């Protein structure tokens, strides 16, 4: 009689989409010479209100990406979405990065650049406007600032009543 267990190669369909945000070759100098490794920054989200950022290092690219994906799924946050946008304007700072997120009316779309756009799309936010106010091009710091801003969001009873009418 055959075993009813699924094959090992068959993995269940993952509900989260992942996107590689940044891949960097980093070097650590020791007494024996230079040790190279790779740092991956991954964003995971289910496009329905959950999103996470993961950062990991590995000896090769595949190992770094795998570890970062696992960490991004471990550190998920729930983003309150009201009528396809965020409930109120919010700003956050992480290191030198300073991000401003504003709700937009229906049909406007995601008006955001680079890092903020990737996070908002994977979180499932349909209409939002954003601006990176401090001058940093570091994708990791911008991602962490965006996540800090999304963590600050709250749904107030009056806001949800006002938008539903």
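Observations, loosely collected:
- Number of the condition not met by residue 144 [criteria: (1) touching a helix residue (DSSP H, G or I) at 6+ places or on another chain (Cβ under 7 Å); (2) at pLDDT 95 or above; (3) not assigned by TED's automatic domain parsing to the domain that holds residue 22]: (1)
- Filter result for the condition that a residue is in contact with a helix residue (DSSP H, G or I) (Cβ under 6 Å, 6 or more places away or on another chain) and in the same structural domain as residue 25 (by TED's automatic domain parsing), over 68, 56: 56
- Once the range 13-38 is narrowed to residues that are out of contact with any strand residue (DSSP E or B) (no Cβ under 8 Å at 6 or more places or on another chain) and under 25 Å from residue 119 (Cβ atoms), the residue that is modelled with the highest pLDDT is 15.
- Residue that is surrounded by the most Cβ atoms within 10 Å (Cβ to Cβ) [pool: residues in the range 64-90 that are outside any strand (DSSP E or B) and in contact (Cβ under 8 Å) with a residue 60 or more places away in the chain]: 86
The values are calculated or read from the model by the stated rules, or taken from the named source; none is laboratory data. Everything quoted here is computed from the prediction, not taken from an experiment. Every residue, glycine as well, gets a Cβ built from its backbone with ideal geometry; the counts of neighbours run over all protein chains shown.
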